[in-house]
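In what follows, a single structure is set out as structure tokens and then discussed.
Bear in mind these aren't lab numbers, they're just calculated from the coordinates by the rules spelled out. Bear in mind that the values here come from a model prediction, so they are computed numbers and not experimental data. Cβ coordinates were reconstructed from backbone atoms using ideal geometry, including for glycine residues, and neighbour counts include every protein chain displayed.
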Amino acid sequence: MSEFTVDSGGVAADVVVPADSRGLVILAHGAGSDRTSVLLAAVGDALVGVGVAVARIDLPYRQQRPKGPPSPSRAGADRDGIRAAVEALRRYAADGPLIIGGQSYGGRQASMACAEDPGLTDGLLLTSYPLHPPGKPEKARTEHLPDIVAPTLIVHGRSDAFGSSAEFAEAITLFGGPVRLLEIDKADHSLKPARSGVGDATAGAVDDWLLPRADDFGRSR
């Protein structure tokens, strides 16, 4: 196993590559966090445990300042940062799939990049996707979902104020590609990684569903 940091070309990442890597997952953080977040660490460690390389990245806005939320007007730059990470790190996928995603805002930007460029990735991993702002279901963030054709795994806390189980059940019908929904009991938007078991549950779902489908994803390297 090798562990290293990348900090060049607009990419800031902590990378762990297990021996005989079966693929690569690039994870972006939520709006108020960075690549050291407890959730990304829990999910990343569990994925490494099933033989997947993991890169936890800082989005461009976080590279520019250590605190504060992202600017909506600069969201396109954050998607470009995800694309830059894919380009810089894709070799660590070896012969397996390259999967992008992340927590909340990071996952949303990954999903939008995937919708804009269907050839960008082999799969999408979204933890706590912010389906709408809390208390504002009329402001659903679903307009790009029909353009996502990559297999997608959504990890959702049943108590998440950013979207109910019923709302997610409806939203997954909008995707242009296959979707699986993994619900975590007694977990809110944070997914409570210290006690919910979300890391192992997510790694198991990735192992069971996304990794065996690598030959079907159709993206040539």
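Of note:
- In a DSSP loop and with at most 10 other Cβ atoms within 10 Å, the trypsin sites (Lys or Arg not before Pro) in segment 171-214 are 186.
- Relative contact order computed over the chain (Cα-Cα under 8 Å; 6+ residues apart), in percent: 19 percent
- Residue-count net charge about residue 146 - beta-carbon cut-off 14 Å; Lys, Arg +1, Asp, Glu -1: -3
- Length-normalised contact order for segment 122-221 - Cα pairs under 8 Å, 6+ apart - percent: 30 percent
- Secondary-structure-derived ellipticity at 222 nm for the chain, considering helices only, amounts to -8000 deg cm²/dmol, per-run term -39500 (n - 2.57) for DSSP H runs with n ≥ 4.
- Relative protection proxy for 9-15, 121-127, from highest mean packing down: 121-127, 9-15 (other beta-carbon atoms within 10 angstrom).
- DSSP bridge orientation in the chain - percent antiparallel, rounded to nearest 5: 30 percent
- Taken over the chain, the convex hull of the Cα atoms encloses 109 Å³ per residue.
- Segment 113-197 - Rg over Rh from alpha carbon coordinates, Kirkwood radius: 0.97
- Here segment 42-199 is treated with +1 on each Lys and Arg Cβ and -1 on each Asp and Glu Cβ, and its dipole about the Cα centre works out to around 560 debye.
- Computed about the Cα centre, the dipole magnitude for segment 1-94 is approximately 280 debye when only Lys and Arg (+1) and Asp and Glu (-1) carry charge, each at its Cβ.
- Cα principal axis extents for segment 1-112, largest first, Å: 40, 26, 23
- Selection from 156, 176, 194 lying farthest towards where the dipole of segment 82-221 points positive, charges on Cβ: 194
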